[in-house]
Amino acid sequence: MMKKLNALVLISGGIDSTVVLHWALDKGIDCKCLTFRYKNQPKKEIEAINKLCSKNKLDLFIIEHPSIYEFGRSNKNLEINPNNLMYYSLAVSFSVGKNIDLIIGGQNKEDLIESKENIKHFYKKLNSLIIDCNSGQNLKIIQPFINFSKLEVVNLGIKLKVSFKDCWSCQRDGSKPCGKCSNCKTNLNISKKLKISI
């Protein structure tokens, strides 16, 4: 009998990470979730993350977005710009020694346009580093949707019966999505094409 895979799924409350979590659960993978809290994070995003984990009865681990304390003249905290190298490095550090086989992210090919670090080689190199730095650790980062368009991700979500109304992709805070940020515009375009509400 094959050993059941254990995974740490990076979630943000948005559509991609929600669908990839459901994809992993549908594959029979034993999942735990990891998210990052940051300054001015939309309350609805936090609610979406908490609801997703609660609904699926999954453990949720939270890393506070790190900051640097400048000692000397200013004596103030400086924010670190978020990037995937930091997020996945922290996820790897957390996973080592915890019987986790996979770290799963929901990046899709449209993310490649906006972020230079989301190229496929980036994750291949990270996986090489995991092998080099953690001898004997059976751990790998996978991106199941790296060749998917956002539309394909949503279509898969429909097949997996994902509740899109529970997601929060908007970059702003408020009682409902702003409809103006890039995430909202993308979701509105897909909603029109598929004639559904996301």
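Coordinate-derived values only; no laboratory data. Note that the coordinates shown come from a computational prediction; the quantities given were computed from them, not determined experimentally. Heads up, the Cβs are rebuilt from the backbone with ideal geometry, glycines too, and the neighbour counts pull from every protein chain shown.
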I'd like the Karplus ³J(HN,Hα) series for region 92-97: coefficients 6.51, -1.76, 1.60, θ = phi - 60°, whole numbers in Hz, and an x wherever there's a Gly or Pro. 5, 4, 5, 6, 4, x
Whole-Hz ³J(HN,Hα) for each residue in region 181-189, computed from phi via Karplus 6.51 cos²θ - 1.76 cosθ + 1.60 with θ = phi - 60°, x for glycine and proline: what do you get? 6, 4, 5, 5, 4, 4, 5, 5, 4
In this structure, the FRET efficiency calculated for E70 and Q41 from their beta-carbon separation, with R0 = 22 Å, to the nearest 0.05, is 0.45
Taking R0 as 35 Å, what FRET efficiency do you get between N189 and N134 from their Cβ-Cβ distance, rounded to the nearest 0.05? 0.25
Which far-off residues, 5 or more places away or on another chain, put their amide H under 5 Å from the one on F61, with H placed in the peptide plane? C33, L34, T35
Using the Kirkwood radius over Cα pairs of the chain, the Stokes-Einstein translational diffusion coefficient at 20 °C and 1.002 mPa s, in µm²/s and rounded to a whole number, is 120
Amide H within-cut-off set for K140, under 5 Å, with H built and near neighbours excluded: L102, I103
Cα-based equivalent ellipsoid, region 92-198: semi-axes from gyration tensor eigenvalues, Å: 32, 15, 14
Here the convex hull volume per residue of region 42-154, taken over Cα atoms and given in Å³, is 166
Karplus ³J(HN,Hα) for region 35-42 (6.51 cos²θ - 1.76 cosθ + 1.60, θ = phi - 60°; Hz, whole; x = Gly/Pro) runs 9, 10, 9, 9, 4, 6, 5, x
Given H placed 1.01 Å from N in the peptide plane, which residues other than close sequence neighbours of Y38 have an amide H under 5 Å from its amide H? H65
Among residues other than K140 whose Cβ falls under 12 Å from its Cβ, what is the net charge (Lys/Arg +1, Asp/Glu -1)? 0
